[in-house]
1. Let's test the formula: R0 of 25 Å, r as the Cβ-Cβ distance of E42 and D90. What FRET efficiency results, to the nearest 0.05?
2. Collect residues whose amide H, placed 1.01 Å from N in the peptide plane, falls under 5 Å from the amide H of V62; neighbours closer than 5 in sequence don't count.
3. GluC sites (Glu not before Pro), restricted to the range 84-147: which are DSSP loop and have at most 11 other Cβ atoms within 10 Å?
Amino acid sequence: MASRLWASRAASYLRLSVSYRGFASVVKDLKYADTHEWVKVEGTSATIGITDHAQDHLGDVVYVELPEIGASVTQGNSFGAVESVKATSDVNSPISGKVVEVNEELSNSPGLVNASPYENGWVIKVEMSNTGEVDSLMDSDRYSKFCEEEDAAH
């Protein structure tokens, strides 16, 4: 009897973990780039990080290369890199502007990108030079669909 109970618990746990990993979380109020970065816009200020989908594909992040404060970033261009146990990937800016803050915590704790991609694992904050660029980014529904299609193609 106990072993049957254990087996059903194990099966339900496995089902949960499989479905959880199958669908990366997407936050409603953010905007998304097709290179898997997110943007949280507050006035002309934008916080940028990499998405749950991206960190999941990267694996354990071991190093984050951050830009200098005051550096210019351009929509679609790289401003830094994330190094994981699997690969090093460029981090592209979803919008253009000037870097006003970098997440220094990532120097000591790069794993925050994995553990908390939308909260503690943000990468940079930018003063936007063209707020209209946000309109070219995907909302959460479009980004979720984009990820599903991209995963299905691989």
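1. It comes out at approximately 0.50.
2. Under 5 Å from the amide H of V62 lie the amide H atoms of E83, S84, V85, each far enough along the sequence or on another chain.
3. Answer in residue order: E104, E119.
Values quoted throughout were computed directly from the atomic coordinates according to the rules given, and no laboratory measurement underlies them. Just so it is clear, the model here is predicted, and its values are computed rather than measured. Neighbour counts run over all protein chains shown; Cβ positions are idealised from the backbone, glycine included.
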